[in-house]
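Each remark here refers to the structure printed beneath this line.
The values are calculated or read from the model by the stated rules, or taken from the named source; none is laboratory data. Everything numeric in this text was worked out from a predicted model, so none of it was measured. As a convention, Cβ positions derive from the backbone with ideal geometry for all residues, glycine included, and neighbour counts pool all protein chains shown.
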């Protein structure tokens, strides 16, 4: 859990306004096992397929802050805070990585959801 003190002592931060979140959360992964017999050679195959809509992957290097400056390609131990601009919400899926994050809108939203992002580098 991030405390108020850890947020206040963060290394760098960026405010990124007006991001359109079009992705929706997938329904999950479907895992399956396949038994194959080709020319008397038997094989067992395991695979996983994603079911549902597409999540939206955002890379830091593709974002611009409110002053128009590009964000760095790598952010050490980032934390994303989302400010929803409508009644429909958006959320980060999983954990933020050093080069980007996955975001999705509420599944009941019919159109892309506008949000503002506050990105904080927590450091090592």
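Would you pick out the residues in region 54-72 that are under 24 Å from residue 24 (Cβ atoms) and part of a loop (DSSP other than H, G, I, E, B)?
54, 55, 63, listed by residue number.
Please go through region 33-58 and give me each residue that is over 27 Å from residue 119 (Cα atoms) and either at pLDDT below 80 or surrounded by 15 or more Cβ atoms within 10 Å (Cβ to Cβ) (or both), ordered by number.
Listed by number, the residues that qualify are 48, 49, 50, 51, 52.
Which of the residues that make up region 1-26 are at pLDDT 65 or above and outside any strand (DSSP E or B)?
Correct list: 11, 22, 23, 25, 26.
Being assigned to a strand (DSSP E or B) and in contact with a strand residue (DSSP E or B) (Cβ under 7 Å, 6 or more places away or on another chain) narrows it down to one of 37, 47, so name that one.
Only one candidate qualifies: 47.
Could you look through region 62-72, keep only residues that are surrounded by 12 or more Cβ atoms within 10 Å (Cβ to Cβ) and in contact (Cβ under 8 Å) with a residue 24 or more places away in the chain, and pick out the one that is nearest to residue 98 (Cα to Cα)?
Only one residue tops the list, namely 71.
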